[in-house]
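The values are calculated or read from the model by the stated rules, or taken from the named source; none is laboratory data. Everything numeric here is computed off the predicted structure, so don't read it as measured data. Cβ placement follows ideal geometry from the backbone for every residue including glycine, while neighbour counts extend to all protein chains displayed. Keep in mind that these areas ignore ligands, DNA and RNA; they rest on the heavy atoms of the full protein, side chains included. Shrake-Rupley method; radii C 1.70, N 1.55, O 1.52, S 1.80 Å.
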Amino acid sequence: MTPKPDGPPDGGWGWVVAAAAFAVNGLSYGLLRSLGLVLPDLAEHFDRTAQDTAWVSALALAVQQAASPVGSALSTRWGARPIVMVGGILTSLGFVFSAFARSLLHLYLGLGVLAGSGWALAFAPALGTLSRYFSRRRVLAVGLALTGNGASSLLLAPALQLLLDTFGWRGAMLLLGAITLHLTPCGALLRPLALPGDPPAPPRGPLAALGLGLFTRRAFLVFALGTVLVGGGYYVPYVHLAPHALDRGLGGYRAALVVAVAAVADAGARLVCGWLADQGWVPLPRLLAVFGALTGLALLAVGLVPVVGGKEGWGGSLLATAGAYGLSAGSYAPLVFGVLPGLVGIGGVVQATGLVMMLMSLGGLLGPPLSGFLRDETGDFTASFLLCGSLVFSGSFIYMGLPGVLPSCHPTSSPATPPPERGELLQVPQVAQLAPGGPQSILDTTC
């Protein structure tokens, strides 16, 4: 048997895993973000309201996130590689099934349940495996993988609009089924890695396999409460940013440009924030709270700023606020997963990743339909974005209960050190924890 390394390799095959996670993220969240362009066609074809069609994307997002702990548990038992490959097949079948839908119920089952379940088996195991391959550059690697969301949105938003204009929504669904099948070879690249601190045997029993015992830890519980509120508003722009632009008088391709601008800003911010976080200049929990609050403020601005230029213009003010949203939301995303090893330890990071996705689904399930309901009642998405921005801002306020968010009374000065591998953030250390290799220090937080 291959001996266990002293720690994460911090490179090597890890960059191949990062590329695979990049593609998995692009073919899951990137596709979900662009799927809002299909909703007006579905509402017109089935003669239903925006609230009814919003449940298609909301169910897909909620199932993907709520079932993520199952994907994590299965990957802990049998490995990430086969689980992600099966997830790719299920996702592709969901889109193919939806192409032949005769009612919204068929779309709820095809995209919501089947494709959502496939995404659940693919995303959390892929991202959890990536976190195990890195230590000193973990947040940068996670940020690189999460740029797949923005890069995919940049390509898929105009491409999907072209497919809708050329083949209709049924033809677009068939082609998306072929594209999402590429999740399967991505899963084949996830080589297993044994590390010190791994449990000697897979967890026994469903509760242990799902990692529910992590909720007994105070820091993870605070993180969970904040994440639930953030999830209530974070994903509303994935579904309703494009319809919001359409309501403001922008045409199909100009609405797609709004989504593309947010995607480009999102992708760039994930890389820059990942590099910044790995320098260790600011504690990861503090960065998480700050960028979460900025995301909430940006969403408020998206709802309040009117389109300038009228029906023939390009909506410069909406483009600007969408870019601000992309920058702040992109900075927030890698921090959510980068902070996990410090909360639960490297041995529990795959299970924690699945739980984070489940937590966000609790709010994500209600956010888009509530946004659609407010649109039907008020005639536009202004109230929708005001509500989701307030939820994200409130969740970021709860993050202030995490260790390291508020400045300590007597901070210790020490060189930067890497993220803790066994959950030292839970112990509120008296002095800086030192670990070989680089950049994240844990300072004294007691007075």
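If you average 1/r over every pair of different alpha-carbon atoms in the chain and take one over that average, what Kirkwood value in Å do you get?
Result for the chain stands at 21.6 Å.
At R0 = 22 Å, how high is the FRET efficiency between residue 16 and residue 155 if r is their beta carbon distance? Nearest 0.05 is fine.
0.55
Between residue 297 and residue 208, how high is the FRET efficiency from 1/(1 + (r/R0)^6) when r is the Cβ-Cβ distance and R₀ = 41 Å? Nearest 0.05.
Using R0 = 41 Å, I get an efficiency of 0.55.
Measure out, as a whole number of angstrom, how far apart the alpha-carbon centroids of the stretch 36-104 and the stretch 251-270 sit.
Comparing the Cα centres of the stretch 36-104 and the stretch 251-270, I get a distance of 22 Å.
What are the ³J(HN,Hα) values, in whole Hz, obtained from phi via the Karplus relation 6.51 cos²θ - 1.76 cosθ + 1.60 with θ = phi - 60°, for each residue of the stretch 146-160 in sequence order, with x given for Gly and Pro?
Using θ = phi - 60°, the values come out as 6, 5, x, 4, x, 5, 5, 5, 4, 7, 6, 4, x, 5, 5 Hz.
Apply the Karplus parameterisation 6.51 cos²θ - 1.76 cosθ + 1.60, with θ equal to phi minus 60°, to every residue of the stretch 324-338 and state each ³J(HN,Hα) to the nearest whole Hz, in sequence, with x for glycine and proline.
Karplus-based 3J(HN,Hα) across the stretch 324-338 equals 5, 4, x, 5, 6, 5, x, 5, 5, 4, x, 5, 4, 8, x Hz.
With the chain treated as a Gaussian network of Cα nodes joined by springs under 10 Å, which of 294, 190, 163 yields the largest mean-square fluctuation?
Fluctuation is largest for 163.
How big is the dipole moment of the stretch 103-261 about its Cα centre under a simple scheme where the beta carbon of each Lys and Arg is +1, that of each Asp and Glu is -1, and everything else is neutral? Debye, nearest 20, please.
Once rounded to the nearest 20, the dipole reads 560 debye.
For a Förster distance of 45 Å, can you work out the FRET efficiency between the beta-carbons of residue 170 and residue 386, rounded to the nearest 0.05?
Computed FRET efficiency for residue 170 and residue 386: 0.80.
Please compute the Kirkwood hydrodynamic radius over the stretch 99-146, one decimal place, Å, based on all pairs of different Cα atoms.
The Cα-based Kirkwood calculation yields 12.7 Å.
Using label points projected 7 Å from each Cα along Cα→Cβ, tell me how many nm separate residue 89 and residue 218, to one decimal.
4.7 nm
Just to confirm a number: summing +1 for Lys and Arg and -1 for Asp and Glu over residues other than residue 80 whose beta-carbon lies under 12 angstrom from that of residue 80, what do you get?
Local charge sum for residue 80: +4.
Against the longest principal axis of the chain, how steep is helix 252-278, in degrees 0 to 90 to the nearest 10, with axes from Cα atoms?
Around 0 degrees separate the two axes.
Quick one: Debye curve from the alpha-carbon atoms of the stretch 8-193 only, equal weights, vacuum; give me log10 I(q)/I(0) at q = 0.08 Å⁻¹ to two decimals.
-0.25
Counting only heavy atoms of the protein chains, get the accessible area per residue of the chain (1.4 Å probe) and round it to a whole Å² value.
Value for the chain: 37 Å² per residue.
Given 0.36 nm per residue, what is the gain on full extension from residue 366 to residue 275 after removing their alpha carbon distance, in nm?
The residue 366-residue 275 span can extend by a further 29.4 nm.
Can you order the peptides 99-106, 397-404, 123-130 by their average number of other Cβ atoms within 10 Å per residue, highest first?
Highest mean packing first, the order is 123-130, 397-404, 99-106.
Once all Cα-Cα distances of the stretch 94-178 are split into 10 Å bins that start at 0, what whole-number percent is in each one?
That works out to 16, 33, 31, 16, 4, 0, in percent per bin.
Scattering from the C-alpha atoms of the stretch 211-405 alone, worked out with Debye: what is log10 I(q)/I(0) at q = 0.10, 0.18 1/Å?
-0.41, -1.14
Convert each backbone phi in the stretch 228-237 into a coupling constant with the Karplus relation 6.51 cos²θ - 1.76 cosθ + 1.60 (shift: θ = phi - 60°), then list the ³J(HN,Hα) values in order as whole Hz, x for Gly and Pro.
4, 5, 4, x, x, x, 5, 9, 4, x
Return the calculated 222 nm mean residue ellipticity for the chain, to the nearest 500 deg cm²/dmol, obtained by summing -39500 (n - 2.57) across DSSP H runs with n ≥ 4 and dividing by the residue count.
-22000 deg cm²/dmol
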